[in-house]
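Novice: Take a look at this one; I'll ask things after.
The values are calculated or read from the model by the stated rules, or taken from the named source; none is laboratory data. Not measured: the values here are computed from a predicted model. Positions of Cβ are backbone-derived with ideal geometry, glycine not excepted, and every protein chain shown enters the neighbour counts.
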Amino acid sequence: MLITDQGTLDASDNRLNGKKLSIGIVQARFNAGVTNALAQACQDELLRLGVPAKQIQLVQVPGALEVPVALMALAEKLEYDALIALGCIIRGETYHFELVANESGAGVSRVALDYQLPIANAILTTETMEQAVQRQTDKGRDAARVAIEMANLLKAIR
């Protein structure tokens with residue numbers, strides 16, 4: 001079996017077939033206007049790509065630092081083909097931005113590697129709210145596509 005990158009995928013590509021998948025989503029509530037839009041775009045794209053509504057579970061946590069522990073709890077259930085992390089971190093005037101961005105990203109990666117489970121990381125890290133709003137819909141859709149493609153890839157490899 002040869003697995004290669006053939007550029008941008010469209011919904012007709014089998015790698016984006018979500019019909020047999022179960023997906024868990026963890027959404028941070030901080031900056032809820034953005035994260036709600038991320039979650040809506042993500043869920044809409046999962047449904048459009050065939051993931052059954054009953055096979056999508058959304059859980060919410062207070063902020064980006066809490067996302068990895070909720071991802072871990074979902075991963076431990078061994079019910080999901082992929083997970084999705086959603087959040088929004090906007091730079092402020094203190095070092096807190098770097099701390100939250102770095103630690104949440106590292107935590108997401110750790111869960112993915114520890115459980116050998118694909119996790120699409122759509123925790124936005126932006127300079128301004130305007131940048132976050134500009135990205136919210138596309139990044140929500142992208143996260144859904146990444147989760148489906150990676151779940152199918154790992155199934156093919158295994």
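Novice: Pull up segment 123-139, narrow it to residues that are polar (S, T, N, Q) and in contact (Cβ under 8 Å) with a residue 60 or more places away in the chain, then point me to the one that is nearest to Leu21 (Cα to Cα).
Specialist: Step by step, filter segment 123-139, then rank; the result is Thr137.
Novice: Something else: Scan segment 68-88 and give yes if some residue there is at pLDDT below 95, surrounded by 14 or more Cβ atoms within 10 Å (Cβ to Cβ) and within 16 Å of the chain's Cα centre (by Cα), otherwise no.
Specialist: no
Novice: Out of segment 108-123, which residues are buried (at least 21 other Cβ atoms within 10 Å of the Cβ) and more than 15 Å from Val146 (Cα to Cα)?
Specialist: Hit for segment 108-123 is Val111, nothing else.
Novice: Further question on the same structure: Can you give me the number of residues within segment 99-125 that are part of a helix (DSSP H, G or I) and of a type outside the set (Gly, Ala, Ser)?
Specialist: Result for segment 99-125: 10.
Novice: Give me a count of the residues in segment 78-122 that are farther than 24 Å from Ile23 by Cβ and either β-branched (Val, Ile, Thr) or in contact (Cβ under 8 Å) with a residue 40 or more places away in the chain (or both).
Specialist: 3
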